[in-house]
Amino acid sequence: MRKKKTIALVAHDNRKSDLIDWVEYNWKELFQHNLVCTGTTGSMVKEVMDKKCEDNNLIPPSITRFKSGPLGGDQQLGALIAEGKVDIFIFLWDPMQPQPHDVDVKALLRICALYNVVTATNRSTADFIISSELFHKDYKPAIIDYSSYINRLNK
């Protein structure tokens, strides 16, 4: 994980305003990194980052927008995680609202755990991550060796 990180930002509809508040508060930290988002969340994040950077004569960060989560954006993001191209995953999900794509959400969280990706599912954890001294440094996460699992059928 290089000093300049790729940070995924995702939020369910009822949590988008929380995520945007968090982005507005932390924009100075975020603009130094590459951001990836699903659908509407990406549009909202881009709007905030563009405005903050314009007001401060800075170049806005790279923001990659995928499809809306339920329309395949969750899978697009999961593929990026599996390829080792996401360093931090901030996903403010709504635990009180049933989601039609709940299996996709669980798959995203599973793939983050599988590949040891730094993950926040609430604002407090996101605050701790962005304020960590490791946030601005190169970092080498422990990679779990799954070769025995992969090779189990070859025996």
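Which whole number of Å³ per residue matches the convex hull of the alpha-carbon atoms in region 6-154?
119
In sequence order, what are the phi-derived ³J(HN,Hα) couplings for region 115-124 according to the Karplus relation 6.51 cos²θ - 1.76 cosθ + 1.60 with θ = phi - 60°, rounded to whole Hz, with x for glycine and proline?
Per-residue couplings from phi come out as 9, 6, 8, 4, 9, 10, 10, 8, 5, 4 Hz.
For a footprinting-style exposure proxy, rank TRP93, TRP22 by other Cβ within 10 Å, fewest first.
Sorted ascending by nearby Cβ count, the order is TRP93, TRP22.
Between PHE89 and residues 5 or more places away or on another chain, which pairs have amide H atoms under 5 Å apart, with H built 1.01 Å from N, and which residues are they?
Residues meeting the amide H criterion: ALA8, VAL118, THR119, ALA120.
Quick one: putting +1 on the C-beta of Lys and Arg, -1 on the C-beta of Asp and Glu, what dipole do you get for region 4-64 around its Cα centre, in Debye to the nearest 20?
240
Treat every Asp and Glu Cβ in the chain as -1 and every Lys and Arg Cβ as +1, leave all other atoms uncharged, and give the resulting dipole magnitude about the Cα centre to the nearest 20 debye.
600
What ³J(HN,Hα) values, in whole Hz, does the Karplus curve 6.51 cos²θ - 1.76 cosθ + 1.60 give for region 36-44 when θ = phi - 60°, with x put for Gly and Pro?
10, 9, 8, x, 4, 4, x, 4, 5
List every residue whose amide H lies under 5 Å from the amide H of PHE66, counting only residues 5 or more places away in sequence or on a different chain, with H placed 1.01 Å from N in the peptide plane.
Amide H neighbours of PHE66: CYS37, THR38, GLY39.
Tell me, what is the percent relative contact order of region 86-155, built from C-alpha pairs under 8 Å that lie six or more residues apart?
It comes to 37 percent, rounded to a whole number.
Once each part is reduced to its C-alpha centroid, what is the distance from region 111-150 to region 5-78 in angstrom?
Rounded to whole Å, the Cα centres lie 19 Å apart.
Could you go through region 20-30 in sequence order and give the Karplus-derived ³J(HN,Hα) for each residue, using 6.51 cos²θ - 1.76 cosθ + 1.60 with θ = phi - 60°, rounded to whole Hz, and x for Gly and Pro?
These are the phi-based 3J(HN,Hα) values: 5, 4, 5, 5, 4, 5, 10, 4, 5, 6, 6 Hz.
Each reported figure results from applying straightforward, stated rules to the coordinates on display, with no laboratory input. Fair warning: this is a prediction, and the values are worked out from it, not measured in the lab. All Cβ positions, even for glycine, are placed from backbone atoms using ideal geometry, and neighbour counts span all protein chains on display.
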